[in-house]
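Below is one structure, written out as structure tokens, with a few remarks after it.
The values are calculated or read from the model by the stated rules, or taken from the named source; none is laboratory data. Small disclaimer: the values here were computed from a predicted structure and weren't measured. Because the Cβ atoms are built from the backbone with ideal geometry, glycine has one as well, and the counts that use them run over all protein chains shown.
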Amino acid sequence: MGACHAVNLRLKINGIQHDIRSDPDTPLIYVLRDELKLKGTKLGCGLEQCGACAVLVDGKAVLSCVTPVEVFDGQEITTIEGISETEVGKRVQQAFIAQTAAQCGYCTSGLVVAATALLSKSPKPDEATTKAALTPHLCRCGSHPRVLRAIKEAIAE
Amino acid sequence: MSLGAYPLVSDWITMDGDRLLVHTGKVDIGQRISNALLRIVQEELAVPLSLVEIATVRTGTAPDEGITSGSNSIEQSGRAVASASATLRKYLLDAAMAQHGGDLSEWLLVDGYVERAGTNLRLALTDLARDLPSNLPVDPTLPRHVPESAPAPTMRGITEMVAGRFTYIHDLDLPGMWHARRVSPPHAKATLRDIDQTSFDRMKAKGLHIIRDGSFLAVAGPREWDVVKASTSLGFACSWDMGGGLPETDVFAQFTPDNAQRFPVISGTPQKAPVPDRLPTPDLSARFERPYQMHGALAPSAALAEWTDNRLFLKSHSQGIYPLREAIADSLGLLLEQVEITYVPGSGCYGHNGADDAAFEAALIAMAHPHTPILFKWSREDEHAWEPYAPAMAVQVDATLNNGHITALSAEAFSDTHRGRPRPGPNRAGPAKLLANRFRADALAPYVSPPNMGNHAGMHRNLDPIYDIAETRLVKNLVQGLPHRTSAMRCLGAVTNIFALESTMDEAAHSAGIDPISFRRAHLNDTRTIALLDALERRLSALPPLAEEMGRGIAYAQYKNVMTRVGLAVDLTVTDTAEVKLHRVTLVADAGRVIDPDGLTAQLEGGVMQAASWALCEEVTWDRDGITSRDWDSYPVIRFDNVPIIDTHLLGNTSDPSVGAGEASPGPTVAAIANAIRNCTGLRMQRMPFTADALRRAALEG
């Protein structure tokens, strides 16, 4: 507890280099939300079970609520706030808006991140691949069918 | 209640700079009520959405509309805002005529202006509205003005949501703010005996603050992760008196007439009268059950509180800020005027979750540390283990068949209360329903609710079959003293009642050898319902024939027997490992005049998904040592690998009044899934959730 074991870390987040002094065991999400004030990444469980906290790390969707920040030292992180900087991310966001693929929206940033990672890796995934990529993510309002439609629309463009 | 208590136009619509500000006591909990209200104003006044905003919902300024629940918002707030807009419309036209002459037929409202046809006279609507007398009463008799077509409104907030810029209560961040977490007891019967002094001192040395009031324990400090860690380590430093542990009761065995307060239900209303005898020789007899289930909000409950100058400022995602204010003021010995609550969105809300409890707990912490804003959050475990659950429930149905017709039907519902919201009432009912008051030094005993005798309220919601049946016998059985705190969750008793009634209709159709849609039609007179079932039938016959391995189940219900009608078909398969896989849902709904078609469709679809999760996955579990379903692994819910295509069709005449729809689809969805499993496998599932284990057990029991 406290800052007694703090270490210096260098994180590249949304294209900007951040030199951070943090307890190495702090999960990444607390650094993003509380130190860097990037509140778009959501905490849903803190147990890597719900997907609300997904960020892109070197292009892959990674959950940020458990893994300590020191693991990300030197890596390139994109949060929901930076996702529109990527061509795929922007397309996914537009498709989510066009399909109204959210109700309360708390799961949305994790889903946009997951969809962006999926379409960056395989531009035309089949339905089963899409569903498998989203299965780590919970939505409790039941916007699932809309999210799947949005991803279909993002693929078609 | 909305217009009765708030009769003036200015209670609902005021000017804010150059915009119209719409006031409501109903809050957005993921169901888009604000979208619908804006749409109503936009249509009535022909005003662009850029000129209309929804006011912040805050005690003291917002109309007190009780609780955002029961699918009532469109009928209460919607109707009030519509009538206020119609009155404002008349006022604007009259004002234009008074200033510039002409008669009513010459003046039009166009795109934010009041225009005189055939001239270039154009007055800005917002300029005219500025002189609106604050004492102008709403005229509820004025006709509504609904344009033929208006552009579909974009959902408010979605642009911010996809960019991570939408602010939830969890995201609030004020200068000097502390974070706070609870240290929860192992279970509801436990009391805090002692805290290890060394841990206590160590935390203090690190700048953390421990708040204790009896067995209510919390930790606060400036850095969130430090507080999270401290709440865990402080938990290990506590010794608890276990109070005998949680009762390991088989709750379903408690659902007997001997354990119950019993009331016959006539036309949806419980009566203080003797319960009639059971049907002597029913042809069908079965009991349908639902375990305790949870709201399971995606974000754990949270609140922001500050105690400053003898006033408590709270931000909460409660569904009812006015009743909550009363309960909190009473709990803390404060005047109502000393407590102000502002609504700030949380994640999607499906009833009485931990929001109210969290707000009160934040207040307890804030009052121990004046002048410091406290952002208090429950953990995932707190939410899973401590939110008020939807009560377990059982419904016994007996039916007599004669010539392919149900001639007599008995339905007996059993459950604990669905009414645990902190509403004020006798014996300090409000405070007694706030969780922390059970644990404070000056503890209040758990609240025991009197039977809810309202029409289609509580467990007897939709117990009355919508069908024409010569003889019905309906009974409410309130069973109390069960292991868990329970309260309102989406649909209340309607889920289990519709599950039971529509499973029975299916079974009766089967034994009569009649297809399930025709069988239902033969028991109906209401032309709108028959038209809906016809539309469903047409939709289904347009689909390719059902694959051999697939099962189809039909169900129908009208929410509270007066609100939205929903008929649907579920197509599914059951895998070799007994997993239910959903393929397609064909849904037809009649909600009267539709204000926001996309919002309505989203609510119906969302209801299907949540009900599919209840039907297939969800069950609260516990043992002597506490709740064992404490996270998303031990309390599984539906995920993206089991999402059907949902094909939704809206009927509904513009001349029919708009009725609430947020809770219309879950009941029929659960029933249609059960009926589809029956169609696919021959198994009649009688207890939710229909997991692979449950299907295998049912197959073994034959």
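A few notes on this one:
- Taken together, the residues in region A:1-41 that are assigned to a loop (DSSP other than H, G, I, E, B) and either more than 13 Å from chain B (Cβ to nearest Cβ) or under 28 Å from B:PHE200 (Cα atoms) (or both) amount to 11.
- Look at (1) farther than 29 Å from A:THR108 by Cα; (2) within 14 Å of another protein chain (Cβ to nearest Cβ); (3) among the aliphatic types (A, V, I, L, M) and you find that B:ALA694 fails only one, number (2).
- Boolean, A:THR116 is closer than 19 Å to B:PHE640 by Cβ and more than 9 Å from chain B (Cβ to nearest Cβ): yes
- Looking only at region B:80-125, and only at residues there that are assigned to a strand (DSSP E or B) and of a type in the set (Lys, Arg), the one that is farthest from B:LEU20 (Cα to Cα): B:ARG116
- Within region A:83-116, tally of residues that are more than 21 Å from B:LEU298 (Cα to Cα), crowded, with 23+ Cβ neighbours inside 10 Å and touching a Gly at 6+ places or on another chain (Cβ under 7 Å): 2
- Taking residues in region B:418-438 that are on the phi > 0 side of the Ramachandran plot, and partners anywhere that are not small (Gly, Ala, Ser), not one pair has Cβ atoms closer than 6 Å while being at least 6 places apart or on different chains.
- Conditions (1) outside any helix (DSSP H, G or I); (2) touching a Leu at 6+ places or on another chain (Cβ under 9 Å): number failed by A:THR100: (2)
- Residue within region B:534-555 that is within 30 Å of B:ARG419 (Cβ to Cβ), of a type outside the set (Gly, Ala, Ser) and out of contact with any helix residue (DSSP H, G or I) (no Cβ under 7 Å at 6 or more places or on another chain) present: no
- Filter pass, A:THR26 being in contact with a Ser or Thr (Cβ under 9 Å, 6 or more places away or on another chain) and crowded, with 23+ Cβ neighbours inside 10 Å: no
- From the options B:ASP656, B:ASP641, B:ASP633, B:ASP623, residue that is surrounded by fewer than 19 Cβ atoms within 10 Å (Cβ to Cβ), under 19 Å from B:MET688 (Cα atoms) and not polar (S, T, N, Q): B:ASP633
- Any hit, region B:632-648, residues being within 21 Å of B:SER73 (Cα to Cα), at pLDDT 95 or above and hydrophobic (A, V, I, L, M, F, W, C): no
- Which listed residue, of B:GLY30, B:GLY66, is within 14 Å of another protein chain (Cβ to nearest Cβ), within 27 Å of B:LEU304 (Cα to Cα) and of a type outside the set (Asp, Glu): B:GLY30
- Restricting region B:15-51 to residues that are among the hydroxyl-bearing types (Ser, Thr, Tyr) and crowded, with 17+ Cβ neighbours inside 10 Å leaves a set whose member that is modelled with the highest pLDDT is B:THR24.
- For region B:605-631, the tally of residues that are more than 23 Å from B:GLY551 (Cβ to Cβ) and within 10 Å of chain A (Cβ to nearest Cβ) stands at 3.
- Condition met for B:GLY430 (closer than 24 Å to A:GLY142 by Cα, at pLDDT 95 or above and either in the same structural domain as B:ARG485 (by TED's automatic domain parsing) or not charged (D, E, K, R) (or both)): no
- Options B:ALA671, B:ALA676: the member that is touching a Ser or Thr at 6+ places or on another chain (Cβ under 7 Å), more than 14 Å from chain A (Cβ to nearest Cβ), in contact (Cβ under 8 Å) with a residue 40 or more places away in the chain and not aromatic (Phe, Trp, Tyr): B:ALA671
- B:ARG181 more than 30 Å from B:THR87 (Cα to Cα) and not small (Gly, Ala, Ser): yes
- Hits in region B:220-241 - residues which are away from chain A (no Cβ under 11 Å) and under 34 Å from the mean Cα position of the chain (by Cα): B:ALA220, B:SER231, B:GLY235
- Filter result for B:ARG538 (under 26 Å from the mean Cα position of the chain (by Cα), charged (D, E, K, R) and assigned by TED's automatic domain parsing to the domain that holds B:PRO465): no
- Of all residues in region B:390-409, those that are touching a residue at least 12 places away in the same chain (Cβ under 8 Å) and over 30 Å from B:LEU482 (Cβ atoms) total 7.
- Qualifying residues in region B:655-671 (those that are assigned to a loop (DSSP other than H, G, I, E, B) and touching a Leu at 6+ places or on another chain (Cβ under 6 Å)) - the one farthest from B:ASN72 (Cα to Cα): B:SER665
- For A:ALA54, the conditions (1) more than 8 Å from chain B (Cβ to nearest Cβ); (2) among the small types (Gly, Ala, Ser); (3) in contact with a Ser or Thr (Cβ under 6 Å, 6 or more places away or on another chain) all hold with the exception of (3).
- Qualifying residue in region B:589-604 (condition: of a type in the set (D, E, K, R) and more than 11 Å from every other protein chain (Cβ to nearest Cβ)): yes
- Listed by position, the strands (runs of 3 or more DSSP E) contained in region B:214-274 that have at least 1 residues being within 19 Å of B:PRO450 (Cβ to Cβ) are B:260-266.
- Candidate set from region B:461-488 (those that are more than 22 Å from the chain's Cα centre (by Cα) and among the hydroxyl-bearing types (Ser, Thr, Tyr)); member that is farthest from B:GLY567 (Cα to Cα): B:THR472
- On inspection, B:GLY25 fails the criterion of being farther than 20 Å from B:ARG130 by Cα and not in a loop (DSSP other than H, G, I, E, B).
- Against the conditions (1) farther than 28 Å from B:GLY296 by Cβ; (2) within 13 Å of another protein chain (Cβ to nearest Cβ), A:GLN75 satisfies every one except (2).
- Looking at B:ASP171, B:ASP94, just one residue is charged (D, E, K, R) and surrounded by fewer than 17 Cβ atoms within 10 Å (Cβ to Cβ), and that residue is B:ASP94.
- Check on B:LEU128, surrounded by 12 or more Cβ atoms within 10 Å (Cβ to Cβ), at pLDDT below 95, assigned to a loop (DSSP other than H, G, I, E, B) and more than 14 Å from chain A (Cβ to nearest Cβ): no
- The set of residues in region A:133-152 being assigned to a helix (DSSP H, G or I) and either buried (at least 17 other Cβ atoms within 10 Å of the Cβ) or touching a Phe, Trp or Tyr at 6+ places or on another chain (Cβ under 8 Å) (or both) consists of A:ALA133, A:LEU134, A:HIS144, A:PRO145, A:ARG146, A:VAL147, A:LEU148, A:ARG149, A:ALA150, A:ILE151.
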